[in-house]
Protein chains: 2
Amino acid sequence: MKLEDLLYKKSEWLRGTGPKSNIVISARIRLARNLNGFSFFNWAKPKEKEGILNTAKGAIDKSKFMKKSLFLSMKDLTEIDRQFLVERHLMSPEHVIDPEYKGLVIDDKEIVSIMVNEEDHLRIQVLQSGFNIIEAWHMCDEIDTDISNRVTYAFSSKWGYLTACPTNTGTGLRASVMLHLPALVMTNQIGKVFQAISKLGLTMRGFYGEGTEAIGNFFQVSNQLALGHSENDLIDKIGGIVDKLVKREESTRSILMAKNKEEMVDKIWRAYGTLKSARIITSAETIKLLSTIRLGVDLDIVGNVDKIQINELFILTQPAHLQKMEGKLLTPNQRDYKRADLIRERLKGEK
Amino acid sequence: MKLEDLLYKKSEWLRGTGPKSNIVISARIRLARNLNGFSFFNWAKPKEKEGILNTAKGAIDKSKFMKKSLFLSMKDLTEIDRQFLVERHLMSPEHVIDPEYKGLVIDDKEIVSIMVNEEDHLRIQVLQSGFNIIEAWHMCDEIDTDISNRVTYAFSSKWGYLTACPTNTGTGLRASVMLHLPALVMTNQIGKVFQAISKLGLTMRGFYGEGTEAIGNFFQVSNQLALGHSENDLIDKIGGIVDKLVKREESTRSILMAKNKEEMVDKIWRAYGTLKSARIITSAETIKLLSTIRLGVDLDIVGNVDKIQINELFILTQPAHLQKMEGKLLTPNQRDYKRADLIRERLKGEK
């Protein structure tokens, strides 16, 4: 497997399947782990950083779960390749910065990805399509246990797993669910939802996680703290809240369809018409319009496209993906043309 | 010929042919005439009004130019039918008000229309596609001469033809040219053009003439006064100015295409995509988008549609036309759906 192979592959989480996939794009479990006997990455000297990278890589390579995997050394990648991996949600935007001694291991289905030397020595991530949070947790747990057979994690009987940032200390777990909530946005309920979520000890973020904007009505709900509860409790809690959000979004969609069907249908078809015709389009407008069409597919208004096509376009129209497809660097303006060309081609739009 | 026959007929002025038809939609000549021995219409008593109507009708009916014509008594028409005739530019919006004793005669090609008892006893109008102002003038002149063989016009050797409103006194002539000036609008030159036009003793108005708004970048240029110059001089003057406007619009289009081609192409295709997809659309948005596509056809950007289709849509999507096609009254909301349906059907858009 090579990095280039990913370009025309559909990531597992883009399949648009799984429970509640009309609203839940994906569920992700991430475990933060550090190796005993080493400083945290940001405190470590170069030699120690290299030691962490080699030790972690060795332990991951031998895992039965990572037999068909690809190891990527961050420093050997181009800027575009790194951005490409962020766009595919295989690593965090932070992992791009200061690439020296940083690595990424991904399995061939792009379900498992392990960042080495991000903030913590290991960040084990499992990403599943739809509301498969428990499945993702079990898988992540097994991989973690398997790796722990070959390394010793930094662990305190009082605090649990020790991590660079205290918010991760304890279980080291972050469960995140990516939701598509256009009806809650349209009806101005999303503000209240934000408030309620934060009172419950969860956070809601944009498309690329922490610090990113919510574009296209996509929201990522995650736990804020990893301490004081068991993994199962944390997952149960977030699962319960997501369940409520899904029900709320569903009932709001029904109300909108009962009361404002024509306006909804018009809005959705106009989005489709624009994507099929535009010659220049920004990434932000693309995500906004694709989001509208996704709703149209979910509501059986648009039958000409399926959810996989739309999910794929979300990823392929992003800057690094466009540039990798073209095989060269493009200015933002050039990307806006290429993006429009790609969308028209995929949606069989105006020539 | 019946009124209903007009609905699916293409008016002469919509053919999109004639000189400079890329910019000049139509040229119109209108002559205001009053019958000697009768009061002006608005001063006349009912009995006298009836006398004017009958005298005028008799003189028009016998004209060799109006052999295949249709006489319509305003009071016998429905509100929708009257609006329908205004939308087709066969009569003025004012002719709808107080329909008693008002009439309209139109020839079968919709080139000639004669309003009886609008502001003046006779308003003889010839409407041609493209920049055929001289042709329209000759035709109108011949019809006028022909009618004058059977009636005596109110005429003063000092003032010329006498009319209800002094702005028409003299020749009784109004020459109007309908122009499509999207490039001058886009480049914010239209304000200056307005000023220059008015200094030259001409006026610039919207799509339906006096007192109407300029929508879709359509502007009607007419002479302000009918006195003090011969008909030929008036027509020469307006012809010369329109010629300059056409050249200015053409050169601005060339500059835009040289400097902003991609943005133009994008804007034009987006307009096309929206019209092919929308489920609800107002008349104002329709005219705006059709105007953009018309520019696209003129610039050879859009090849899928022709100018006749677009010209036809301009007329068919208007309220009275939609209601006549449906054969019943529609609320504004219902019209917005029907309009979108009709456009998608005509442009072979999304089902």
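Descriptive notes on the structure:
- Only one of B:R270, B:R344, B:R335 that is away from every other protein chain (no Cβ under 11 Å) and surrounded by 17 or more Cβ atoms within 10 Å (Cβ to Cβ): B:R335
- Identity of the residue in segment B:112-143, among the β-branched types (V, I, T) and open to solvent by less than 20 Å² (accessible area, probe 1.4 Å), that ends up farthest from B:I315 (Cα to Cα): B:I143
- Considering B:I190, B:I255, the condition of being outside the structural domain of B:F155 (by TED's automatic domain parsing) and open to solvent by 10 Å² or more (accessible area, probe 1.4 Å) is satisfied by B:I255 alone.
- Those residues of segment A:81-98 which are out of contact with any Gly (no Cβ under 9 Å at 6 or more places or on another chain) and either open to solvent by less than 30 Å² (accessible area, probe 1.4 Å) or of a type in the set (A, V, I, L, M) (or both), in sequence order: A:D81, A:R82, A:F84, A:L85, A:V86, A:E87, A:R88, A:L90, A:M91, A:H95, A:V96, A:I97
- Given (1) within 11 Å of another protein chain (Cβ to nearest Cβ); (2) within 27 Å of the chain's Cα centre (by Cα); (3) of a type outside the set (A, V, I, L, M), number of the condition B:R248 does not satisfy: (1)
- Residue count for segment B:224-242, restricted to those that are open to solvent by 60 Å² or more (accessible area, probe 1.4 Å) and either aromatic (F, W, Y) or in a helix (DSSP H, G or I) (or both): 4
- Residue that is surrounded by the fewest Cβ atoms within 10 Å (Cβ to Cβ), among those in segment B:36-78 that are within 24 Å of the chain's Cα centre (by Cα) and among the hydroxyl-bearing types (S, T, Y): B:T78
- Of all residues in segment A:279-317, those being within 14 Å of chain B (Cβ to nearest Cβ), of a type in the set (S, T, N, Q) and open to solvent by less than 10 Å² (accessible area, probe 1.4 Å) number 1.
- Of the strands (runs of 3 or more DSSP E) lying entirely inside segment A:84-166, the ones with 3 or more residues being in contact (Cβ under 8 Å) with a residue 60 or more places away in the chain are found at A:122-129.
Yes/no per residue for (1) small (G, A, S); (2) more than 25 Å from A:I215 (Cβ to Cβ):
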{"position": "A:E118", "(1), (2)": "no, no"}
{"position": "A:G130", "(1), (2)": "yes, no"}
{"position": "A:N149", "(1), (2)": "no, yes"}
{"position": "A:T171", "(1), (2)": "no, yes"}
{"position": "A:H180", "(1), (2)": "no, no"}
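- Lone unmet requirement of (1) open to solvent by less than 60 Å² (accessible area, probe 1.4 Å); (2) farther than 20 Å from A:L179 by Cα; (3) within 12 Å of chain B (Cβ to nearest Cβ) for A:K324: (3)
The values are calculated or read from the model by the stated rules, or taken from the named source; none is laboratory data. A quick note: this is a predicted structure, and the numbers were derived from the prediction, not measured. Backbone-built Cβ (ideal geometry, glycine too); neighbour counts: all protein chains shown. Note: areas computed on protein heavy atoms with side chains; ligands, DNA, RNA excluded. Shrake-Rupley method; radii C 1.70, N 1.55, O 1.52, S 1.80 Å.
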